[in-house]
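Below you'll find the structure, written out as structure tokens, and then a few comments.
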Amino acid sequence: METPGSQTSLHRANLERVVRAVRMAGSLTQAEIARTTGLSAATVSNIVRELKDGGTVEVTPTSAGGRRARSVSLSGSAGIVIGVDFGHTHLRVAVGNLAHQVLAEEAEPLDVDASSAQGFGRAEELVTRLITATGIARDKVIGVGLGVPGPIDVESGTLGSTAILPGWTGINPREELSGRLGVPVYVDNDANLGALGELVWGSGRGVKDLAYIKVASGVGAGLVIDGQIYRGPGGTAGEIGHITLDESGPVCRCGNRGCLETFTAARYVLPLLQSSHGADLTMERVVQLAREGDPGCRRVVADVGRHIGSGVANLCNLLNPSRVVLGGDLAEAGELVLGPIRDSVSRYAIPSAARQLSVLPGALGGRAEVLGALALVLSEMGDSTLLESALPAGAPAFT
């Protein structure tokens, strides 16, 4: 029987500390585990041996600083996690293991606005197809991360703004998908998942404070503070798209005038160019034309960058992040958009905050949100659950 402060309880806590460190990093050497957890090298060595014998971790030879070392990662056979990303025009699903390896991934076009039932039905089909393709038993799935293009109300679990997804009014995405798949589901908005994906796999690696800015049909920001996604008490932190830039500007879907979104989101930007470039123009095409030298597209991309920079400057003054990562199609414009963002930050942010800030394009492109959904499961899943998932049925728990 475990009692607080007992040797058994302390040992269990140390096991979970090691698992947590490896889970968040993907893989670590034993020396890195010791530094991360504060445990002694000898304790880490004993724990890693125990976890390896139990099937929770895998240990492979590597090198660190020119010396031989052992890399520790969660066992690929301990379980799998699934990421599901609903965009306004697409559905993307990825299957990964606990060692941060993506085993299968697929995307298909989907009008998410039309019907939540259709969206969840397609997601269930795609998840089933990818699990079958990996050859892994369905009972190895330990959790699903789900991204939706709108804020989640913390109290009700429903989408917080019906103006964003009118076909999803009153729907609880977590309950809907969990009921279909029969496993725990963790839900967040697409900007938060983009931030988490870039933090774990992309341009945010190595920092603890960043903002991920996603510009698509709307504008959102995923905020990372001290290594954790900051959602706010109501789950709506990061709605940078509704910072007011011009009180006399266009009416926004939120009911206010001159929001950042009305100067940067695709629905407002594309009409500026459609008379000369056709009604089927997309933001992806605008970026491509800008890179090819089209003067109108280059001007629009630069203007969007300056407006985004104004919003980023506000974030700098309030939160002082060390890095801003730009995601979505706009990030493919490179310095055509990043330069104007930096110019606005230099002009409007407090100098000390601006000097410490780096502005980078996302490294993951359109995959940021679905990889963030995988990372969400890994961050939310309890370490005790991960320990038990590696044990065969009927086996005693680690003690």
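Here's how it looks for residue 87: its modeled amide H is under 5 Å from those of 92, which are all 5 or more places away or on a different chain. What is the antiparallel percent of DSSP beta bridges lying wholly in the chain, to the nearest 5? The antiparallel proportion sits near 65 percent. Modelled label-to-label distance, residue 360 and residue 9, 7 Å Cα→beta-carbon offset: nm? In this crude label model, residue 360 to residue 9 measures out at 4.2 nm. Here the extension length gained between residue 62 and residue 291 equals 78.3 nm, from 0.36 nm per residue of separation less the Cα-Cα distance. Each 10 Å bin, from zero up to the one with the longest distance, holds this percent of the alpha carbon pairs of the chain: 5, 22, 29, 24, 14, 5, 1, 0.
Compared with the dominant Cα axis of the chain, that is its longest principal axis, helix 7-25 is turned about 40°.
Our summary gives segment 7-74 a relative contact order of 34 percent, counting only alpha carbon pairs under 8 angstrom and 6 or more residues apart. Relative to the dominant Cα principal axis of the chain, helix 368-380 is inclined by about 40°. Local charge for residue 168 was computed over the other residues whose Cβ lies under 13 Å away, with Lys and Arg +1 and Asp and Glu -1, and equals -4. Around the amide H of residue 80, modelled in the peptide plane, lie the amide H atoms of 141, 142, all under 5 Å away and 5 or more residues distant in sequence or on another chain. Below 10 angstrom from the Cβ of residue 74, what's the summed charge of the other residues (Lys, Arg +1; Asp, Glu -1)? Once all neighbours under 10 Å are counted, the net charge is 0. Taking each DSSP H run with n ≥ 4 as -39500 (n - 2.57) and averaging over every residue of the chain yields -13000 deg cm²/dmol at 222 nm. Counting only DSSP beta bridges whose two residues both lie in segment 204-363, roughly 55 percent are antiparallel. Measuring nothing but how far apart in sequence close Cα pairs (under 8 Å, 6+ apart) lie, relative to its length, the chain scores a relative contact order of 17 percent. How much net charge surrounds residue 342 when only other residues with a Cβ under 14 Å from its Cβ are counted (Lys, Arg +1; Asp, Glu -1)? Computed value for this residue: +2. Each Cα pair under 8 Å and six or more residues apart adds its separation to the average, and for segment 204-363 the resulting relative contact order is 22 percent. Taking the longest Cα principal axis of the chain as reference, the axis of helix 295-319 is set at about 50 degrees.
Rule-based calculations on the coordinates, nothing more; no lab input. Only a predicted model underlies this, so the values are computations on that prediction, with no experimental measurement involved. No Cβ is skipped: glycine too gets one built from the backbone with ideal geometry, and neighbour counts run over all protein chains shown.
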